[in-house]
1. Identify the residue in the range 145-154 that is under 22 Å from PRO223 (Cα atoms) and hydrophobic (A, V, I, L, M, F, W, C) and, among all such residues, is farthest from the ligand (Cβ to nearest atom).
2. Just give me the residues in the range 31-52 being open to solvent by less than 70 Å² (accessible area, probe 1.4 Å) and at pLDDT 50 or above, in sequence order.
3. Within the range 220-232, identify whether any single residue is within 13 Å of the ligand (Cβ to nearest atom), of a type in the set (Gly, Ala, Ser) and more than 30 Å from PRO9 (Cα to Cα), and answer yes or no.
4. Look through the range 110-144, keep the residues that are touching a helix residue (DSSP H, G or I) at 6+ places or on another chain (Cβ under 7 Å) and closer than 22 Å to ALA181 by Cα, and return whichever of them is farthest from the ligand (Cβ to nearest atom).
5. Residue by residue through the range 335-351, note down the ones that are open to solvent by 70 Å² or more (accessible area, probe 1.4 Å) and out of contact with any Leu (no Cβ under 8 Å at 6 or more places or on another chain).
6. Among ASP177, ASP170, ASP157, ASP188, which is modelled with pLDDT of 95 or more, away from the ligand (no atom under 11 Å from the Cβ) and under 14 Å from the mean Cα position of the chain (by Cα)?
7. What are the residue pairs meeting all of these: first residue in the range 249-274, first residue under 16 Å from ILE61 (Cα atoms) and in contact (Cβ under 8 Å) with a residue 40 or more places away in the chain, second residue open to solvent by less than 20 Å² (accessible area, probe 1.4 Å) and of a type in the set (D, E, K, R), Cβ atoms under 7 Å, and 6 or more apart or on different chains?
8. Could you check the range 66-170 for strands (runs of 3 or more DSSP E) lying wholly inside it with 2 or more residues that are open to solvent by less than 10 Å² (accessible area, probe 1.4 Å)?
Amino acid sequence: MSDKITPQPKIMDIALYQGGASKVDGIENVVKLSSNENFAEAAADLHRYPNTDHIELRAAIAQVHDLDPERIICGVGSDEIIAFLCQCYAGVGDEVIYPEHGFSMYKISARAAGAEPIAVPERDRVVDVDAILAACTEHTKLVFIANPANPTGTMVDMSEVERLAAELPDHVLLVLDGAYAEYVEGFDGGASLVAARENVFMTRTFSKIYGLGGARIGWGYGPQEIVDVLNRVRGPFNLSEPQLAAATAAVLDLAWIEKCRDDNTHLRAVLTDGLRALGLAVDPSFANFVLIQLKDEAQAIACDAYLRENGVIARLVAGYGLPQCIRVTVGDEAACRRVIRLIKDFLEAAA
Ligand SMILES: Cc1ncc(COP(=O)(O)O)c(C=O)c1O
C-alpha cells in the first residue's frame, strides 16, 4: 500500500464499528438482541436493524465482478462513497481535481470536506489526462474521473487512464467513477486497474442500468487500507435490509443487465442517428443518454421548453458548463422517435 496517500488527521482515531452479531455458528433461528432494536409491533423484519457488514451484497458483487469482497464498501448511492473519499482524504488546504464538465458531486463533496475543487479543461468534452497531470500540485489529494462521463457520455481510453494512474504524484488517489460502466460491453469500470495498482479506487452504482436510483445503493472497490479508512466514517446502518436485498437480487440478474445494455445500445444509435440526420452535433455516447449541441444557449433553452410543452422532459446542462447543450436520456423506441420528431419540428419552426 502507498504510504503517501494518507487519510485526514484524526480519521484513524475512529475505531471501526463492531456490529452486534447476527449469526451464531451451528444454531439456526437465532434471535438478534444485540443492537437495542425496538420489537414493538412490526410484523416484518423492518423493526430490526440491518446487518452492518453488508456481507451478502458484497459477496454477490464480488462473485459477479470477480473481486475480493473484503475490498468492497457499500453506500447510500455512489454519492456516499464519493463523500467518504473526500471526507477521509481531502481537508482544508487540499485540492480535489475533476474534469470541467464532471459530475457535480465531486465539487460538492470536496467543498463539504473543506477542500478546494479544481476543474481542469477537457478536450472536446473528453477527459484530458495531460491537463489533469498539469493541474496536480503538492496539495492535490484526489482526482475524480467518470468513465463513461456524465453529462457528456464520452469515454477516455483505458490506456490513457492507465497512463494517468502511472504518472500521478505518489500522494494522489485516482477515483474512477463507473456509474455507467455496465452500459459498455466488456468494460470492467477500472476494476483491473484497481487490482494492478495502489493508487486507484473505483465507484459503482445500482442507480443506472439496474434502475434502482430511488433505492440509493452504490459501492466502491479499492486498496484494502483505503476501504478500511472509509469504513471508519461509514454509518454502521447506512443501508437498510430492503436496500441490501434489492441490490443483491439485482446484481445477480445478469440476463436482465445484458438485455438492458443491448436495448440501450440499439436505441441510443436510433436516437443519435436521428438527431445527427437533423444536422445536430451529438458526441458518441457510451452511456444511457446523449448530449445534443444546439446553436447557442438561447436555442438550447427554447428547444428544452418546446420539448417540455410537448410532454418531454430533457435536461439543460448549463450548470455543467455546457449552456448550448441538452442531455436526453435514451428512453424506449417510441420515446426516442418522439424526441427526434419534436426536435425536427422545433428546428423547422426556428428556420
Ligand atoms: C457520473 C456519476 N457518478 C455518480 C452518480 C451518483 O449516483 P448514485 O449516488 O445514485 O449512485 C451519478 C448520478 O447521476 C453520476 O452521473
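1. So the residue we want is ILE145.
2. ALA44, HIS47, PRO50, ASN51, THR52 - these are the residues of the range 31-52 that are open to solvent by less than 70 Å² (accessible area, probe 1.4 Å) and at pLDDT 50 or above.
3. So far as the range 220-232 goes, no, none of its residues is within 13 Å of the ligand (Cβ to nearest atom), of a type in the set (Gly, Ala, Ser) and more than 30 Å from PRO9 (Cα to Cα).
4. Among residues in the range 110-144 that are touching a helix residue (DSSP H, G or I) at 6+ places or on another chain (Cβ under 7 Å) and closer than 22 Å to ALA181 by Cα, the one farthest from the ligand (Cβ to nearest atom) is VAL129.
5. Taking the range 335-351 and keeping what is open to solvent by 70 Å² or more (accessible area, probe 1.4 Å), we get 337-338, 341, 344, 348-349, 351.
ARG337, ARG338, ARG341, GLU348, ALA349, ALA351 - these are the residues of the range 335-351 that are open to solvent by 70 Å² or more (accessible area, probe 1.4 Å) and out of contact with any Leu (no Cβ under 8 Å at 6 or more places or on another chain).
6. On inspection, the qualifying residue turns out to be ASP188.
7. ILE257/GLU182
8. Answer list for the range 66-170: 72-75, 95-99, 140-146.
The values are calculated or read from the model by the stated rules, or taken from the named source; none is laboratory data. Being a predicted model, the structure only gives us computed values, none of them experimental. Cβ: placed from backbone, ideal geometry, glycine included. Neighbour counts: every protein chain shown. Surface areas here come from the heavy atoms of the whole protein model, side chains and all, with no ligands, DNA or RNA. Shrake-Rupley method; radii C 1.70, N 1.55, O 1.52, S 1.80 Å.
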